[in-house]
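Accompanying notes for the structure given below.
The values are calculated or read from the model by the stated rules, or taken from the named source; none is laboratory data. Only a predicted model underlies this, so the values are computations on that prediction, with no experimental measurement involved. Cβ: placed from backbone, ideal geometry, glycine included. Neighbour counts: every protein chain shown. We work out accessible area using only protein heavy atoms, side chains counted, and drop any ligands, DNA or RNA first. Shrake-Rupley method; radii C 1.70, N 1.55, O 1.52, S 1.80 Å.
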Amino acid sequence: MGESAPAQIDGMEVDASDAVRVRFWGVRGSIPAPGPDTLRYGGNTSCVTLEAASRVPGEPPLLFIFDAGSGIRALGMSLMREKRLPLTAHLLLTHTHWDHIQGFPFFIPAFIPGNRICVYGNAEGDGDALGALEGQMIHRYFPVGLGQLGATVQFQRLEHGVHSVAGLCVTVAPLSHSSVTVGYRVEVHGRTVVYLTDAEPRREGDQIILDPTMLTLARDADVLIHDAQYTDEEYPSKVGWGHSPTGYVVDFARAAGARRLVLFHHDPTSDDAKVDVVLERARSLAVGSPLAVDAAYEGMEIVLPAQARVPDPAAVPVGAD
Ligand SMILES: [Zn+2]
Ligand SMILES: [Zn+2]
């Protein structure tokens with residue numbers, strides 16, 4: 001981290017060890033793909049956490065969870081080992097495809113009385129997140145219903161736009177996917193983490209365009225976690241399937257001014273060697289730009305030291321007292 005000088009955030013002095021942590025528990029798309037060919041990147045489906053110290057003295061760290069794919073099971077066991085009880089977790093669901101909700105019935109903290117799981121997502125039609133969580137836990141599929149869980153599970157719909165969630169600024173924007181899907185931008189302690197998966201490039205005719213709404217969501221992100229399911233060679237036969245090819249993802253990240261791109265939602269047929277090739281290709285496309293590129297793997301952790309917010313002079317009303 002280099003230095004230990006205290007920083008100021010929202011007028012409060014914070015320690016340089018006061019970091020924002022992003023951890024990857026599941027990085028695979030579509031269906032879990034465990035086995036000897038996916039050992040290094042991992043076979044579990046989408047689940048990523050963002051943790052940061054609370055600004056409220058005495059409060060436990062903030063825990064945000066992006067999606068509840070099968071990776072959330074290992075997260076739950078880790079939280080239990082750390083005895084993080086009682087736990088409050090904020091679960092931000094992008095959409096209700098299986099690979100983003102299927103781990104929820106195996107998230108052990110949801111069974112523990114005193115814990116609180118706040119679920120955020122869409123509430124309508126085929127994007128109805130609460131209905132999907134309930135539906136996959138009816139008796140036919142699972143022995144314990146959502147309403148029988150020991151923890152308090154609350155649901156809140158988040159419309160497109162900017163919200164305050166647990167005191168953090170969370171922006172929600174629509175993505176181009178085969179189902180109602182959103183991406184999230186979370187701003188915490190001067191850092192910005194963007195979770196933008198299950199997203200396909202927008203097109204005008206045969207041309208791929210950089211969607212202004214998605215670009216705004218990802219603007220200047222410290223960490224941009226982006227769908228990168230297909231290679232450029234595969235994509236022409238997968239148009240309309242709701243996922244992105246390598247070249248577009250790098251172009252998008254560069255145009256958004258992201259500092260670090262994390263390739264995510266690896267195809268279940270992509271073995272470790274293929275993800276290596278995709279990563280190498282993406283890095284070669286980023287040469288000459290300040291963009292750093294990684295491919296997400298289970299157990300990967302990114303630590304961002306908290307950063308003092310630089311005041312935006314344009315945001316200060318002239319003549320205001
Ligand atoms: Zn998915
Ligand atoms: Zn999907």
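Quick one: in the stretch 73-96, of everything that is in contact with a helix residue (DSSP H, G or I) (Cβ under 9 Å, 6 or more places away or on another chain) and within 16 Å of ligand 2 (Cβ to nearest atom), which residue is farthest from residue 222 (Cα to Cα)?
96
Among the residues of the stretch 156-167, how many are outside any loop (DSSP other than H, G, I, E, B) and either open to solvent by 50 Å² or more (accessible area, probe 1.4 Å) or free of Cβ contacts under 8 Å to residues at least 12 places away in the same chain (or both)?
Of the residues in that region, 6 qualify.
Got a sec? Which of 113, 105 is assigned to a helix (DSSP H, G or I), at pLDDT 95 or above, away from ligand 2 (no atom under 16 Å from the Cβ) and more than 19 Å from the chain's Cα centre (by Cα)?
Being assigned to a helix (DSSP H, G or I), at pLDDT 95 or above, away from ligand 2 (no atom under 16 Å from the Cβ) and more than 19 Å from the chain's Cα centre (by Cα) holds for just one of 113, 105, which is 105.
Restricting attention to the stretch 221-272, which residues are of a type in the set (Asp, Glu) and under 16 Å from the mean Cα position of the chain (by Cα)?
222, 227
Keeping to the stretch 214-231, report how many residues are free of Cβ contacts under 8 Å to residues at least 40 places away in the same chain, part of a loop (DSSP other than H, G, I, E, B) and either within 16 Å of ligand 2 (Cβ to nearest atom) or surrounded by fewer than 24 Cβ atoms within 10 Å (Cβ to Cβ) (or both).
Of the residues in that region, 2 qualify.
Which count do you get for residues in the stretch 236-265 that are open to solvent by 10 Å² or more (accessible area, probe 1.4 Å) and within 16 Å of ligand 2 (Cβ to nearest atom)?
Number of matching residues: 5.
Among (1) assigned to a loop (DSSP other than H, G, I, E, B); (2) open to solvent by less than 60 Å² (accessible area, probe 1.4 Å); (3) away from ligand 2 (no atom under 16 Å from the Cβ), where does residue 63 come up short?
For residue 63, the exception is condition (1).
Mind telling me which of the residues 170, 153, 144 ends up being within 25 Å of residue 227 (Cβ to Cβ) and either surrounded by fewer than 20 Cβ atoms within 10 Å (Cβ to Cβ) or of a type in the set (Val, Ile, Thr) (or both)?
170
State whether the residues of the stretch 212-223 include one that is among the small types (Gly, Ala, Ser), within 30 Å of residue 271 (Cβ to Cβ) and within 16 Å of ligand 1 (Cβ to nearest atom). Spell out how you get there, then give the answer.
Restricting attention to the stretch 212-223, the residues satisfying the condition of being among the small types (Gly, Ala, Ser) are 218, 221.
Now drop any that are not within 30 Å of residue 271 (Cβ to Cβ), which leaves 218, 221.
Restricting the remaining residues to those that are within 16 Å of ligand 1 (Cβ to nearest atom) gives none.
The answer is no; no qualifying residue exists.
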